[in-house]
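First up is the structure itself, then whatever we jot down about it.
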Amino acid sequence: MTDRIDLRSDTVTQPTDAMRAAMAAAPVGDDQYGEDPSTNRLQARCAELLGKEAALWLPTGTMANQVALRTLTRPGDEVVASRESHAAWHEAGGAAANAGVQIHEIGRGGRFSASELRAATKPRNFAIFPTTTLVEIENTHNRAGGIVVPQDEVVAIAAVARELGLAAFLDGARLWNASAASGLAVGELAAPFDLVAVAFSKGLGAPGGSLLAGTKATIAIADRHRRRMGGAMRQNGIFSAAALHALDHHLPRLHEDHAHARLFAERLAAGAAVQLDLATVQTNIVVFHLPEALPIDAPTLSARARDLGVLVNAFGPRTVRAVTHLDVTRAQCERAADVLAALLA
């Protein structure tokens, strides 16, 4: 169906004609030798944007998160993260398989406090406990509906982490959205962390690529793990050129995605008896739940909506996610909400 409305994720976008032209014209070289000029330019630019000494391109966000775990932890360690974090729920068990760590999920709604981190950190003088070595924050938080973690909470958590001897990692795959929604520069959002990940294939609409930023020493270690995991590519300046184009042209329009998500959420909430906390609709993600009283579950709703040209993700038995992006218009978001509301009537 050519006129379908795809709200499954902001990763489904197609490169724009201008982005394709930038990719085709990109100067490239062998990045394993550090000779890809487009990648070097992207890394330098993002290191400056994020306020870090150095940066490292990786092919995917999951690999960026996995490399971060390998860089900042040892097998057998424990990582504290928000409940339903991407690292725990959406990386195919990679934290255990690749880094050999266990994730301790705390808090609710994509957030946790500094006091909750303190309580979750294992005492190191009790030999049967794993050693807590890392705290991870996801901003924006995917499964919590794209919420932005308040920066005062982030600063307080990072301060407790330093006090307890923990490293701090920011899964900022959608940090660009957090910046657009909060009005804070990405460098300020990234400042409290030892290592930061960002993605280019989500809100920015590039066809692939993520990046880690931190100190030169930390990035050197991360590069070794990237190579071990097969993530060091060759002429990946084609991808870097897409990311550079997105930074130049797609950042200013993120507020449009946020407005479309709000419109979709309000229209759906007004037309259907769903559980949808509008306070969580802060960026481009809408997560809603189907009450038990409704005679339809999330997979069935998703399948029936697909038949009508609207694609959404069943995030659980009675949980649905919709994500706006640069390939859907305001009118399409209105229509998608109406289709779902009719199916739920």
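Within the stretch 168-194, count every residue that is closer than 26 Å to A95 by Cβ, crowded, with 20+ Cβ neighbours inside 10 Å and either outside the structural domain of T60 (by TED's automatic domain parsing) or among the hydrophobic types (A, V, I, L, M, F, W, C) (or both). Walk me through it before giving the result.
From the stretch 168-194, those closer than 26 Å to A95 by Cβ are 168-178, 186, 189-194; that's our starting set.
Okay, now just the ones that are also crowded, with 20+ Cβ neighbours inside 10 Å, so 168-178, 186, 189-190, 193-194.
Add one more test, that the residue is either outside the structural domain of T60 (by TED's automatic domain parsing) or among the hydrophobic types (A, V, I, L, M, F, W, C) (or both), and what stays is 168-170, 173, 175-176, 178, 186, 189-190, 193.
Result for the stretch 168-194: 11.
Answer yes or no: is there a residue in the stretch 16-30 that is β-branched (V, I, T), out of contact with any Lys or Arg (no Cβ under 8 Å at 6 or more places or on another chain) and crowded, with 22+ Cβ neighbours inside 10 Å. So that I can check it myself, show each step before the final result.
Step one: filter the stretch 16-30 for residues β-branched (V, I, T), giving 16, 28.
Still in the list and also out of contact with any Lys or Arg (no Cβ under 8 Å at 6 or more places or on another chain): 16, 28.
In the following step, the residues that additionally are crowded, with 22+ Cβ neighbours inside 10 Å were identified as none.
The answer is no, given that none of the residues of the stretch 16-30 is β-branched (V, I, T), out of contact with any Lys or Arg (no Cβ under 8 Å at 6 or more places or on another chain) and crowded, with 22+ Cβ neighbours inside 10 Å.
Would it be correct to say that I147 is crowded, with 24+ Cβ neighbours inside 10 Å, in the same structural domain as S201 (by TED's automatic domain parsing) and farther than 27 Å from G209 by Cβ?
Values: crowded, with 24+ Cβ neighbours inside 10 Å: yes; in the same structural domain as S201 (by TED's automatic domain parsing): yes; farther than 27 Å from G209 by Cβ: no.
No.
Hey, among the residues in the stretch 271-290 that are touching a strand residue (DSSP E or B) at 6+ places or on another chain (Cβ under 9 Å) and over 20 Å from R174 (Cβ atoms), which one's surrounded by the fewest Cβ atoms within 10 Å (Cβ to Cβ)?
Filtering the stretch 271-290 for residues that are touching a strand residue (DSSP E or B) at 6+ places or on another chain (Cβ under 9 Å) and over 20 Å from R174 (Cβ atoms), the one surrounded by the fewest Cβ atoms within 10 Å (Cβ to Cβ) comes out as Q275.
Can you confirm whether A206 is under 24 Å from R330 (Cβ atoms) and not assigned by TED's automatic domain parsing to the domain that holds D194?
Working: under 24 Å from R330 (Cβ atoms): yes; not assigned by TED's automatic domain parsing to the domain that holds D194: no.
For A206, the condition - under 24 Å from R330 (Cβ atoms) and not assigned by TED's automatic domain parsing to the domain that holds D194 - is not met.
From the residues in the stretch 17-67 that are assigned to a loop (DSSP other than H, G, I, E, B) and among the hydrophobic types (A, V, I, L, M, F, W, C), which one is farthest from G231 (Cα to Cα)?
First pass over the stretch 17-67, keeping only residues assigned to a loop (DSSP other than H, G, I, E, B): 25-30, 34-36, 51-53, 59-60.
Next, only the ones that are among the hydrophobic types (A, V, I, L, M, F, W, C) stay: 25-26, 28.
Numbers: A25: 23, A26: 20, V28: 17 Å.
In this case the residue turns out to be A25.
Within the stretch 166-184, how many residues are assigned to a loop (DSSP other than H, G, I, E, B) and touching a residue at least 24 places away in the same chain (Cβ under 8 Å)? Can you show your working first?
Residues of the stretch 166-184 assigned to a loop (DSSP other than H, G, I, E, B): 166, 173-174, 183-184.
Among the residues that remain, those that are also touching a residue at least 24 places away in the same chain (Cβ under 8 Å) are: 166, 173-174, 184.
Residues in the stretch 166-184 being assigned to a loop (DSSP other than H, G, I, E, B) and touching a residue at least 24 places away in the same chain (Cβ under 8 Å): 4 in total.
Tell me which of these E153 doesn't satisfy, since it passes every other one: (1) without any contact (Cβ under 8 Å) to a residue 60 or more places away in the chain; (2) closer than 25 Å to Q66 by Cβ; (3) touching a Ser or Thr at 6+ places or on another chain (Cβ under 8 Å); (4) not polar (S, T, N, Q).
(2)
The values are calculated or read from the model by the stated rules, or taken from the named source; none is laboratory data. Bear in mind the structure is a predicted one, so any value in this text is a computation, not a measurement. Here Cβ is always computed from backbone atoms with ideal geometry, including for glycine, and neighbour counts include all displayed protein chains.
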